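Q: Could you have a look at this structure, given as structure tokens, before my questions?
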Amino acid sequence: MDIAVIGLGYVGCVSAACLAQMGHTIIGVDINETKVNMINDGLSPIIEKNLDSIVKDQVASGRLKATRDIDMAVSQSGIVFICVGTPSRANGSLNTEYIERVCIEIGRALAQKPDYCTVALRSTILPGIAESVVVPLLEEHSGKKAGADFGFALNPEFLREGSSVYDFYHPPKTIIGELDRKSSDVIASIYEGIDAPVFRLGLGEAAMVKYADNSFHAIKVAFANEIGRICKLYDIDSRMVMDVFTKDVKLNLSSCYLKPGFAFGGSCLPKDLRAIIHTANQNDIEVPLLKATIESNMKHIEHAL
Ligand SMILES: NC(=O)c1ccc[n+]([C@@H]2O[C@H](COP(=O)([O-])OP(=O)(O)OC[C@H]3O[C@@H](n4cnc5c(N)ncnc54)[C@H](O)[C@@H]3O)[C@@H](O)[C@H]2O)c1
């Protein structure tokens with residue numbers, strides 16, 4: 001496939017290089033001239049294991065090049081991946097201005113493009129943004145209808161910095177947020193050689209899965225650190241505790257306790273949580289996540305009443 005990758009940061013650069021290595025013809029687009037020149041010189045603009053040699057080989061093979069000309073890139077491509085940043089504003093809200101700008105430019109390019117093209121958004125966006133911002137901008141500036149005249153899908157990325165090339169080829173899952181079946185078939189076909197379950201979801205669910213994942217990953221880190229602090233208090237080997245904890249794939253690392261619905265209760269969970277928080281408090285150990293768990297449960301009960 002001929003693919004344009006818009007935004008050559010972490011996600012875009014790894015995606016562009018790996019998609020080229022899979023045999024696709026890639027035009028990467030960035031407003032940053034240095035990144036564009038580096039790629040065309042066969043150099044990776046980001047430091048990531050194995051990426052230098054992939055970029056070098058793929059540029060030499062002619063399957064990977066870069067430009068600042070988004071119009072030209074879209075005109076030559078059957079798929080356009082949007083990989084620009086979605087940073088936080090000062091108040092924590094999601095800044096979608098880079099996405100909005102590229103959607104206007106892609107829309108204008110689509111207006112001039114006679115053949116069908118599928119736009120896929122790799123960047124992380126909150127539920128509702130695809131439907132209220134991204135698709136309307138593409139439609140307004142192309143004069144075309146998404147799902148009919150051009151394709152659209154969400155395709156969030158799950159790579160981790162430091163192992164992103166490995167993660168590209170070994171993702172935990174492939175998520176496709178579906179506007180229509182044809183668009184999602186096009187995106188699914190890209191990942192045919194990759195061994196990972198493919199989940200085709202609604203746009204909202206696809207966007208939300210990414211936030212559920214990242215929220216959970218953050219909670220896992222904070223949880224392990226709070227347990228670690230309590231272990232230290234008792235001179236207990238926290239790594240051994242967490243190692244055994246993670247070996248339990250029936251109740252701990254499983255879908256158990258992960259169904260939205262009822263608050264927790266019964267004779268053990270509230271009592272044991274209170275006891276461990278109390279002992280931490282008495283020894284000046286801060287465990288705000290464990291404390292917040294009780295508060296969250298109370299709020300859930302109030303919400304249900
Ligand atoms: N970094 C990660 O590990 C990671 C993992 C998964 C998902 N994500 C998500 O993927 C998205 C991209 O993240 P990133 O870390 O690659 O961002 P980044 O900031 O490293 O790269 C974004 C790139 O887009 C370019 N850009 C901005 N406006 C442009 C425009 N109008 N035209 C062309 N290029 C433009 C910038 O110059 C930059 O090179 C974000 O939504 C992020 O949340 C990131």
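The values are calculated or read from the model by the stated rules, or taken from the named source; none is laboratory data. Because the structure is a prediction, the values reported are computed rather than measured. Reconstructed Cβ throughout: ideal geometry from the backbone, glycine too, with neighbour counts over all protein chains shown. With ligands, DNA and RNA removed, areas are computed over all heavy atoms of the protein, side chains included. Shrake-Rupley method; radii C 1.70, N 1.55, O 1.52, S 1.80 Å.
Q: Would you mind stating whether residue 120 is touching a strand residue (DSSP E or B) at 6+ places or on another chain (Cβ under 6 Å), in contact (Cβ under 8 Å) with a residue 60 or more places away in the chain and open to solvent by less than 50 Å² (accessible area, probe 1.4 Å)? Walk me through it before giving the result.
A: Working: touching a strand residue (DSSP E or B) at 6+ places or on another chain (Cβ under 6 Å): yes; in contact (Cβ under 8 Å) with a residue 60 or more places away in the chain: yes; open to solvent by less than 50 Å² (accessible area, probe 1.4 Å): yes.
Yes; evaluated as a whole, the condition is true for this residue.
Q: Check the range 203-211 and report whether any residue there is over 30 Å from residue 283 (Cα atoms) and among the aromatic types (Phe, Trp, Tyr).
A: Yes, the range 203-211 contains at least one residue that is over 30 Å from residue 283 (Cα atoms) and among the aromatic types (Phe, Trp, Tyr).
Q: Kindly indicate the residue of the range 98-117 that is among the β-branched types (Val, Ile, Thr) and farther than 14 Å from residue 4 by Cβ and also surrounded by the most Cβ atoms within 10 Å (Cβ to Cβ) among those meeting that condition.
A: Quick first cut of the range 98-117, residues among the β-branched types (Val, Ile, Thr) only: 99, 102, 104, 106.
From what is left, the residues that are farther than 14 Å from residue 4 by Cβ are 99, 104.
Values: 99: 24, 104: 15.
Taking the candidates together, the pick is 99.
Q: Got at least one residue in the range 111-125 being at pLDDT 95 or above, assigned to a helix (DSSP H, G or I) and more than 15 Å from the chain's Cα centre (by Cα)?
A: Within the range 111-125, one or more residues are at pLDDT 95 or above, assigned to a helix (DSSP H, G or I) and more than 15 Å from the chain's Cα centre (by Cα).
Q: Any idea which residue in the range 126-145 is farthest from the chain's Cα centre (by Cα), counting only those that are part of a loop (DSSP other than H, G, I, E, B) and either more than 16 Å from the ligand (Cβ to nearest atom) or not assigned by TED's automatic domain parsing to the domain that holds residue 84 (or both)?
A: As a first pass, look at the range 126-145 and keep what is part of a loop (DSSP other than H, G, I, E, B): 126-128, 143-145.
From what's left, either more than 16 Å from the ligand (Cβ to nearest atom) or not assigned by TED's automatic domain parsing to the domain that holds residue 84 (or both): 143-145.
On the way: 143: 29, 144: 28, 145: 26 Å.
Ranking the qualifying residues of the range 126-145, first place goes to 143.
Q: Could you count how many residues in the range 1-15 are within 16 Å of the ligand (Cβ to nearest atom) and not in a strand (DSSP E or B)?
A: Adding up the residues that qualify gives 9.
Q: Which residues, counting only those in the range 251-292, are among the polar types (S, T, N, Q) and under 19 Å from residue 231 (Cα atoms)?
A: If the condition is that a residue be among the polar types (S, T, N, Q) and under 19 Å from residue 231 (Cα atoms), then 252, 279, 281, 282, 283 are the ones that fit.
Table: residues versus (1) buried (at least 24 other Cβ atoms within 10 Å of the Cβ); (2) of a type in the set (A, V, I, L, M, F, W, C); (3) more than 13 Å from the ligand (Cβ to nearest atom); (4) not in a loop (DSSP other than H, G, I, E, B).
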residue	(1), (2), (3), (4)
17	yes, yes, no, yes
34	no, no, no, yes
38	no, yes, no, yes
65	no, no, yes, yes
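Q: So if I check each of 187, 194, which one is open to solvent by less than 30 Å² (accessible area, probe 1.4 Å), within 12 Å of residue 120 (Cα to Cα) and of a type in the set (A, V, I, L, M)? I'd like the intermediate steps shown before the answer.
A: Numbers: 194 fails: within 12 Å of residue 120 (Cα to Cα).
Answer to the selection: 187.
Q: Go through (1) closer than 30 Å to residue 209 by Cβ; (2) part of a helix (DSSP H, G or I); (3) open to solvent by 90 Å² or more (accessible area, probe 1.4 Å) one by one and return the number of the condition residue 257 breaks.
A: (2)
Q: Considering only the range 268-302, state which residues are hydroxyl-bearing (Ser, Thr, Tyr) and farther than 22 Å from residue 217 by Cα. Steps first, please.
A: Looking only at the range 268-302, we keep the residues that are hydroxyl-bearing (Ser, Thr, Tyr), and these are 279, 293, 296.
279, the sole residue that qualifies.
Q: Still on this structure, please answer the following. Could you check the range 147-196 and list, in sequence order, the residues that are polar (S, T, N, Q) and either away from the ligand (no atom under 14 Å from the Cβ) or part of a helix (DSSP H, G or I) (or both)? Quick ask: steps written out before the conclusion?
A: Taking the range 147-196 and keeping what is polar (S, T, N, Q), we get 155, 163-164, 174, 183-184, 189.
Once the filter is applied, which keeps residues that are polar (S, T, N, Q) and either away from the ligand (no atom under 14 Å from the Cβ) or part of a helix (DSSP H, G or I) (or both), the range 147-196 yields 164, 183, 184, 189.
Q: Tally up the residues in the range 1-15 that are open to solvent by 30 Å² or more (accessible area, probe 1.4 Å) and within 20 Å of the chain's Cα centre (by Cα), please.
A: Going residue by residue through the range 1-15, those that are open to solvent by 30 Å² or more (accessible area, probe 1.4 Å) are 1-2, 10-11.
Narrowing further to those that are within 20 Å of the chain's Cα centre (by Cα): 10-11.
Final tally of qualifying residues: 2.
Q: Restricted to the range 67-78, and to residues that are outside any helix (DSSP H, G or I) and open to solvent by 30 Å² or more (accessible area, probe 1.4 Å), which residue is farthest from the ligand (Cβ to nearest atom)?
A: First pass over the range 67-78, keeping only residues outside any helix (DSSP H, G or I): 67-69, 76-78.
So of that shortlist, the ones also open to solvent by 30 Å² or more (accessible area, probe 1.4 Å) come out as 68-69, 76.
Working: 68: 8, 69: 10, 76: 16 Å.
This residue is 76.
Q: Tell me which of these residue 60 doesn't satisfy, since it passes every other one: (1) surrounded by fewer than 16 Cβ atoms within 10 Å (Cβ to Cβ); (2) touching a Phe, Trp or Tyr at 6+ places or on another chain (Cβ under 8 Å).
A: Going through the list (1) surrounded by fewer than 16 Cβ atoms within 10 Å (Cβ to Cβ); (2) touching a Phe, Trp or Tyr at 6+ places or on another chain (Cβ under 8 Å), residue 60 breaks only (2).
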